1. Would you please report the Å³ per residue occupied by the convex hull of the alpha carbon atoms in the stretch B:130-230?
2. How many Cβ atoms of partner chains, on average, are near each residue of B:75-86 if near means within 10 Å of its Cβ?
3. Just grab the label-to-label distance for residue A:78 and residue B:93, each label 7 Å out from Cα along the Cβ direction, in nm (one decimal).
4. Describe numerically, in nm with one decimal, the distance between label points set 7 Å from Cα along Cα→Cβ at residue B:175 and at residue B:135.
5. Suppose the chain between residue B:112 and residue B:164 were pulled fully straight at 0.36 nm per residue; how much longer would it get relative to their current alpha carbon spacing?
6. Helix-only mean residue ellipticity at 222 nm, chain A, DSSP H runs n ≥ 4 weighted -39,500 (n - 2.57), per residue, nearest 500. What is it?
7. Can you give the mean number of other chain Cβ atoms that lie within 10 Å of the Cβ atoms in peptide B:43-49?
8. Given a cut-off of under 8 Å on Cα pairs at least six residues apart, what relative contact order in percent is computed for chain A?
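Bear in mind these aren't lab numbers, they're just calculated from the coordinates by the rules spelled out. Computed from a prediction, not measured in an experiment: that's the story for all the values here. Cβ coordinates were reconstructed from backbone atoms using ideal geometry, including for glycine residues, and neighbour counts include every protein chain displayed.
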């Protein structure tokens, strides 16, 4: 046990076990679902929907500088479809916008 | 990443070793982002009186960045271990949806590969695999694992380093690096777009997430999972569309 205010080995072990159980549980759940029909269509759409939701949360936590930089990143992503290029453009845009806004 | 497209036509490019290496190579920009994020987590861990070894071990065994950050931040702000654990677990429920969607990649594999695959599944390498596939390359399990190894190495090394060097590292925000993942997910979302059939589910996911974040006191990580599921349910219930 760590002193108060520290992270104990027990907390690390519990979080590790719970996280692994969630990851394995997801696999066991997914493996038991039908391979076509509504379930399959829903799972096929899940990656895009989750990333769209994640971006919504991240942008709602930001302000005008983040929104402007995200728009710049979206433009570069549309034009290039390149991950590294979009990251560089987004970081450059956020630096510039935080200076002026 | 343009030169890598030529691998599609190269014989043997589908072999597991080549796929592993492609995943490892192409995850590098994301691994760099993870490393920056990891340094920032290391600073936080140092505030919770964790040394480099404990931080590195936590990164390796939990291997879920946002939940580690939330759990340690709870401890630093004086919450109890149970509250810290609950917050970390809530943030990880999204991983349930991620590994549930890996059934094709994992089906028929030996148990050690399933256990390895689910532990190495993160937002970054999972989304990268789907985005690469949406661009027309047949990548699967070993691409995911290659990317996962890259993210794992970056996360463990950076978080341990951050905890050891706490105080000597500048704030990532000062260089706009806190925005690296927002930009990365914008690029990944662009590559996941399959056509106008995605508009309705994605719109529903964004709308539900925004409504939950703005109108209810729900934790953003719960709003995210609910919004993603709402979009997937709409995609599943819609009939007569040949885009799923």
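1. Dividing the Cα hull volume of the stretch B:130-230 by its residues yields 153 Å³.
2. Average per residue, whole number: 3.
3. So the two model labels end up 3.5 nm from each other.
4. 2.4 nm
5. That pair, residue B:112 and residue B:164, stretches by 15.4 nm at full extension.
6. -27500 deg cm²/dmol
7. Mean partner-chain Cβ count within 10 Å for B:43-49: 2.
8. Contact order relative to length: 17 percent.
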